[in-house]
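Here is the structure we will look at.
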Amino acid sequence: MSTYLVTGGAGFVGSALTRRLVQAGHRVRILDDLTRGSARRLNEVRGDLEFLTGDVRDAATVSRAVEGVACVCHLAFINGTEFFYTKPDAVLEVGVKGMVNVLDACRAHHVRELLLVSSSEVYQVPPTVPTDETAPLSIPDPLNPRYSYAAGKIISELLAINYGRTGFDRVLIARPHNVYGPDMGTEHVIPQFLLRMRERCEDPADPVPFPIQGSGQETRAFVFIDDCVEGLMALLARGAHLGIYHVGTMEERTIEAVAQMVGAAFGRRIRVVPGEPRQGSAPRRCPDIRRLTALGYRPRVSFEEGLAVTAAWYREHATRAPASPAALSRAGS
């Protein structure tokens, strides 16, 4: 049994990792400012963990959170495409200050293990698909605010690796690819499609017109939240020091096919209506996960199964709106 700190532990992936760590018998402390996360995601384990409300941009807060733990799982970040465009300064501030504060606190309190959860966004347009962990990281256009998120993740990786060369027994980096599941918020392609279909399922047209961004031939490889967490647990158990690992599946599928499956989940046929793609969106993305499967990782939930569970959740629950950009600016002030 170890003691873990999970920053961003009330977020979608952070809360799922927290629940899994508790189920494995570990002691867990959470640090989250709740501008983006929700404490309700932790209701089933609330009595089995320590919850600290605070901002990773505040060094003293992070130091208090890190004291006494054996490993830090750092997930605190501002996600959501809307915020990349509207609050790129806050995205970078949380990403870079948060990472520096975590690393400084780990050194001050002699914490020897760190897991940084990064992102597939670090690649932008990967040179090969499936993409392995050696592909170059890039920021194609520093004037495009979309890349605030990717830049923050790249800087965080560089900080973790170079701080981690001394003073740590293990620093691990995970790059999840398109995680989805129930209660993941209202951003990202799958919840957006599900909520859009929820609104349109009474449309008398057959097939139902279904607008999307892009042509629909763009591809992604999606991983269900439970499988993502099992990948992170495999890293914590067996990952190599300074190792970088993709977490995901290698089942690449088109966005048009995903939209058709979403329509089917609501018992309707749809007609995809292509639209303008967002500037900077990658045409294809699919990870090579062989480095992680060598540690024993095996994704178990098919996309069909995971989508059915996720669709059922979004059919039943009202939209839970994310924090506004103004709230992000106020956090930690």
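No value in this document is a laboratory result; all are computed from the given coordinates. All values derive from a computational prediction rather than experimental measurement. Here the Cβ positions follow ideal geometry from the backbone for every residue, glycine too, while neighbour counts run over all protein chains shown.
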TODO: Please list, in chain and number order, the residues 5+ apart from Val72 or on another chain whose amide H is under 5 Å from its amide H, with Hs placed from the backbone.
DONE: Leu5, Glu113, Leu114, Leu115
TODO: Run through the DSSP bridge list for the chain and note the antiparallel percent, rounded to the nearest 5.
DONE: 10 percent
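At 0.36 nm per residue, minus the direct Cα-Cα distance, what do Glu202 and Trp313 gain on full extension? Give it in nm, one decimal, please.
On the way: separation 111, 0.36 × 111 = 39.96 nm, distance 1.85 nm.
That pair, Glu202 and Trp313, stretches by 38.1 nm at full extension.
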Task: Coarse-grained scattering of the stretch 182-317 at q = 0.09, 0.12, 0.13, 0.17 Å⁻¹, given as base-10 log I(q)/I(0) from a Debye sum over alpha-carbon atoms - done: -0.31, -0.53, -0.62, -0.95
- [ ] With r as the distance between the Cβ atoms of Val96 and Thr128 and R0 = 30 Å, compute the FRET efficiency 1/(1 + (r/R0)^6) and round to 0.05.
- [x] 0.55
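Run the dipole for the chain about the Cα centre, Lys and Arg Cβ at +1, Asp and Glu Cβ at -1, nothing else charged, and hand back the magnitude in debye, nearest 20.
Numbers: 38 positive and 37 negative charges, 61 e Å.
Dipole of the chain, to the nearest 20 debye: 300 debye.
Fewest Cβ neighbours within 10 Å first, please rank Ile212, Ile289 accordingly.
On the way: Ile212 21, Ile289 24.
By the 10 Å Cβ count, ascending, the order reads Ile212, Ile289.
Just to be sure I understand: if I project the alpha-carbon convex hull of the stretch 74-232 onto a plane and average over all orientations, what area do I get in nm²?
On the way: hull surface 45.7 nm².
Approximately 11.4 nm², given one-decimal rounding.
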Open item on the list: If I model a spin label at Arg40 and His110 as a point 7 Å from the Cα along the Cα→Cβ vector, what separation in nanometres do I get?
Closed with: 4.3 nm
- [ ] Would you mind checking the tilt of helix 303-316 against the longest principal axis of the Cα atoms of the chain, expressed as 0 to 90 degrees and rounded to 10?
- [x] 90 degrees
Task: Student exercise, the stretch 1-110 dipole from Lys, Arg, Asp, Glu Cβ charges, in Debye to nearest 20 - done: 280 debye
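Report the calculated FRET efficiency for Ala257 and Arg298 (r = Cβ-Cβ distance, R0 = 22 Å), to the nearest 0.05. List each step's numbers first, then the result.
Values: r = 23 Å, r/R0 = 1.07.
Computed FRET efficiency for Ala257 and Arg298: 0.40.
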- [ ] Between Ile155 and Ala240, with labels modelled 7 Å along Cα→Cβ, what's the label distance in nm to one decimal, could you check?
- [x] 3.0 nm
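Counting other beta carbons within 10 Å of each Cβ, put Glu187, Glu218 in order, fewest first. Walk me through the numbers before you get to the answer.
Working: Glu187 15, Glu218 19.
The most exposed by this proxy come first: Glu187, Glu218.
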Task: By average C-beta atoms within 10 angstrom, highest first, the peptides 10-16, 190-196 - done: 10-16, 190-196
TODO: Would you mind listing how long the chain runs along its three principal axes, going by Cα atoms, in whole Å with the largest first?
DONE: 62, 43, 40
Task: Principal-axis tilt of helix 189-200 within the chain, Cα atoms, nearest 10 degrees - done: 40 degrees
Task: Asn144 paired with Ala24, simple spin-label distance in nm, labels 7 Å along Cα-to-beta-carbon - done: 3.6 nm
- [ ] Just name one of Gly68, Leu92, Pro142: the one whose Cα is farthest towards the positive end of the charge dipole of the stretch 56-152 (beta-carbon charges, Lys/Arg +1, Asp/Glu -1).
- [x] Gly68
